[in-house]
Each structure stands twice: as structure tokens, then as C-alpha cells.
Amino acid sequence: MHPARPTLRTLREDLKLPLPTARQPLDEIDHPILAKARDQFAEDETGHERIRSIDTEVLFKVKVQRWRGAVWTEQDLPWLVAAGQREDGSGDDFYAALEADAKAARARYNSEHSRPLPGKTYVGHLLPTQDDYDRYQLEAGTRLVRRLASVIKDLTRGSLHDGHEHAADFPTFRLGILVRADDGHETYAAVRITGSVPDDLAAVILRHVPGCDPKHGSPSTPCPAARSSPPNRPGPPSWTPKRRPNSSTKTELPQARVAAYFGILAVIGHAALPSLATAS
């Protein structure tokens, strides 16, 4: 289950919060009702209390402190579609106000359309719109970079420990990292990317390899063998550099023997090695 997130309408009108940049996903906004919704809908198997007064869509209750909310789930993505504060016994009670709004919305809809809606309520105006889906997609880059940063560190650490290539799968590509550390010489990190990736992904990846300066990366050309190599059998990059690197020469990484999109050879600064080697 993805973290619960507010619709843009809920964020602005109900919670009175400004819209942050895409660098802050809406499912990370700090607010009591949003934190409760994320916690409550973190597990698929958890039971939820339905708002019975709404009969045309399945909405669930979220309660914390004096805050009340309504969550609508779309497959594995919960949306906070309405929120307000509790005022017991008054016309301002959140769930009573939600029911009244839904009945009024149904009446308006039926007066404007020849075919009346079934049921007693209508909450279509509260559900996510195209703007909400566009915002979700806009945040995809932030989510990818954050996952890359975490995965790259784990892959680099793992390879440094055992000398083998460690890999992880992403939605459209596979990322592999192999680290070779020779005592007294440069430490190299080879990056293999197989699949469909954005043009700037290599630079993003190198920025997150601990101790690596992206300016010192040496990308290889796409591997011609990728077109004819068997799928699911990526071989390790060749590790015989044509020349020993120094201030005036450039190390070239021979093309991977099997199905590589492209490879990168980079130098890891020695200062990063102790923390990588000892980190748990």
C-alpha cells in the first residue's frame, strides 16, 4: 500500500496548507490527520470504519485529536479527500457536514443532468482530479532519486565487502555495481545499467556512489551484444583497464560481455571507504 496522500483540494481548502514544490511529496506533509491516515492505511489487511452516510462511494473514517477525515482508496493508493475538525452536537460536526454536502451535491448534479444519480449522496467532486494525478507523476522523479540514493549505498557496500557485483531492479531498468579496492591503488566502481533510462540517469547515479566524483566517471558506449544476448543473463563487466589512471591518461572500461545498456567506471575516494566498510 502506498502512503496516504491528500488531494490538492483537501490540502488547500480543508487543511489550509500551501502547496509545496515537487521535491516534497504530498504524502510526507507534516499534519496530524495526514500522519494518522498514513499510519492507518500502511497495511492492506488493516480493517477500517466506513462512513455509512455516504452511499455512492466507499469512504473510510480517520480520527486523531480533534481532526476527522475521509479516505477514498484507489487500488493501493489511499487519498484523503476531505478533512475537518470535530464539533460534537453542532452543525459543524465534520461527518454531519460531509453528509449534508454530499446530499446537496447530489441535488445539484440531478438538477443539471437528465439522468439522476442513484443513492442519496454524491462525492465525485471530492475525488482526485487530473491535477492530482499530474502532481503524483511530477513527484515520481523525487521518489526515484530517493530510492536510488538508498539502494546505491547498499549495493556499493555489499560489493565492497565481497567483491561481487550487487544489483537491484527498478521499474524500467536494472542497476548493478561492482567495487574493486586494491590496497595502495585507486578504488574503482563499475556501474551497469540495463534497460530504458532517462538520459541523465548516469550522472544521478554517480552523484550517489559514496566518495565518487561524477566528473571522473568514464562511460562506455552501448554494448552491441545487448541486441543478441540472452535475456536475464547479465555478465559482470570486464575489469582489465587499458591503462593505469593518472593525471594525463583516461581509463577505459571495456564493454560488458553480455547485455549491458552502458557501463561506467569511476574512482571512489579513499575517505569514503572506512564508513562504507563498517556501516551496518
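The values are calculated or read from the model by the stated rules, or taken from the named source; none is laboratory data. Just so it is clear, the structure is predicted and the values come from calculations on it, not from any experiment. Note that each Cβ is placed from the backbone with ideal geometry, even for glycine, and that neighbours are counted across all protein chains shown.
Could you list, in sequence order, the residues of the range 125-163 that are more than 21 Å from the chain's Cα centre (by Cα) and either free of Cβ contacts under 8 Å to residues at least 40 places away in the same chain or assigned to a strand (DSSP E or B) (or both)?
HIS125, GLY158, SER159, ASP162, GLY163
Which one of these is among the charged types (D, E, K, R), farther than 24 Å from GLY124 by Cβ and modelled with pLDDT of 95 or more: ASP88, ASP101, ASP39?
ASP39
If you check ALA42 against the conditions, is it within 30 Å of ARG146 (Cα to Cα) and surrounded by fewer than 21 Cβ atoms within 10 Å (Cβ to Cβ)?
Answer is yes for this residue.
Find all pairs meeting these conditions: Cβ atoms under 7 angstrom apart; at least six residues apart or on different chains; first residue within the range 40-68 and within 17 Å of GLY84 (Cα to Cα) and in the same structural domain as TYR122 (by TED's automatic domain parsing); second residue outside any loop (DSSP other than H, G, I, E, B) and hydroxyl-bearing (Ser, Thr, Tyr).
As it stands, the answer is ILE51/TYR95; SER53/TYR95; ARG68/TYR95, since those pairs meet every condition given.
Which of the residues spanning the range 45-61 are more than 14 Å from PRO78 (Cα to Cα) and either surrounded by 15 or more Cβ atoms within 10 Å (Cβ to Cβ) or aromatic (Phe, Trp, Tyr) (or both)?
Within the range 45-61, ILE51, SER53, ILE54, ASP55, THR56 qualify.
Residue-by-condition table, conditions (1) surrounded by fewer than 19 Cβ atoms within 10 Å (Cβ to Cβ); (2) modelled with pLDDT of 80 or more:
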{"position": "ALA168", "(1), (2)": "yes, yes"}
{"position": "THR172", "(1), (2)": "yes, yes"}
{"position": "GLY184", "(1), (2)": "yes, no"}
{"position": "ASP200", "(1), (2)": "yes, no"}
{"position": "LEU206", "(1), (2)": "no, yes"}
{"position": "GLY217", "(1), (2)": "no, no"}
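Restricting the range 62-112 to residues that are among the small types (Gly, Ala, Ser) and closer than 21 Å to PHE41 by Cβ, which is surrounded by the most Cβ atoms within 10 Å (Cβ to Cβ)?
This residue is GLY69.
If we keep just the residues of the range 28-39 that are touching a residue at least 12 places away in the same chain (Cβ under 8 Å) and not aliphatic (A, V, I, L, M), which is farthest from TRP67 (Cα to Cα)?
Applying the filter and picking the extreme gives GLU28.
Which of (1) in contact (Cβ under 8 Å) with a residue 24 or more places away in the chain; (2) not in a helix (DSSP H, G or I) is the odd one out, the single condition PRO116 does not satisfy?
Condition (1) is where PRO116 drops out.
Kindly establish whether VAL123 is aliphatic (A, V, I, L, M), surrounded by 15 or more Cβ atoms within 10 Å (Cβ to Cβ) and under 17 Å from CYS212 (Cβ atoms).
In short, no.
Out of the residues in the range 2-15 that are among the aliphatic types (A, V, I, L, M) and assigned to a helix (DSSP H, G or I), which is surrounded by the fewest Cβ atoms within 10 Å (Cβ to Cβ)?
Per the criteria, the residue is LEU8.
Report, by residue number, each residue of the range 16-34 that is under 16 Å from PRO78 (Cβ atoms) and crowded, with 16+ Cβ neighbours inside 10 Å.
PRO25, LEU26, ASP27, ILE29, HIS31, ILE33, LEU34 - these are the residues of the range 16-34 that are under 16 Å from PRO78 (Cβ atoms) and crowded, with 16+ Cβ neighbours inside 10 Å.
If you check PRO25 against the conditions, is it over 15 Å from ALA70 (Cβ atoms), in the same structural domain as GLY69 (by TED's automatic domain parsing) and in contact with a Ser or Thr (Cβ under 8 Å, 6 or more places away or on another chain)?
yes
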